[in-house]
Amino acid sequence: MNTRLQSVLLLISTLFVGIILGFLINGQFVKMRFAQHREMFKNPEKRLEIILDKSGLDDKKTQLIRPVLQSHFEKMHNISQQHRAEFRGQMSQLKEELLNYLSEEEVKKLGKEMRMFRKGRKHDHKGGSPHPPRP
């Protein structure tokens, strides 16, 4: 085989391996970051520690505001948990009511679209535009 062709093939294969490795490594970083954020929001004490560590306040001020932040973070965490429970209940009630009018498959499809909309994903509307026309 020609040495020039070998060099080109080696370069292309090296680039391909680099792209694959970069994709996999980036996926692991993203996964770790999501896990960290998930843990932070599940545990108000951990969230408080992260915020205080990144605040740059001295130890004296940190000790002064810690009880205030702790109290409010616990209250906000309880409100968030209560809201999630109410939301789940409301969604279950909606599904039960929709089953009077739609089949199980149609309700699942509608639920999938609602989740995508709630997550902020763009949808393909009439005309191919990712956004609906404004009135």
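Values quoted throughout were computed directly from the atomic coordinates according to the rules given, and no laboratory measurement underlies them. As the structure is a prediction and not an experimental result, all values here were calculated from the model. Cβ coordinates were reconstructed from backbone atoms using ideal geometry, including for glycine residues, and neighbour counts include every protein chain displayed.
Brief remarks follow.
- Cβ pairs under 6 Å, 6+ apart, first in the stretch 1-30 and surrounded by 10 or more Cβ atoms within 10 Å (Cβ to Cβ), second hydrophobic (A, V, I, L, M, F, W, C): none
- Of the residues making up the stretch 62-114, those that are among the aromatic types (F, W, Y) and farther than 19 Å from R47 by Cα number 2.
- When the stretch 54-75 is filtered for residues that are part of a loop (DSSP other than H, G, I, E, B) and surrounded by 10 or more Cβ atoms within 10 Å (Cβ to Cβ), only L57 remains.
- Every residue from the stretch 1-53 that is among the basic types (K, R) and part of a loop (DSSP other than H, G, I, E, B): none
- In the set I19, I50, only one residue is under 24 Å from the mean Cα position of the chain (by Cα) and among the aliphatic types (A, V, I, L, M); that residue is I50.
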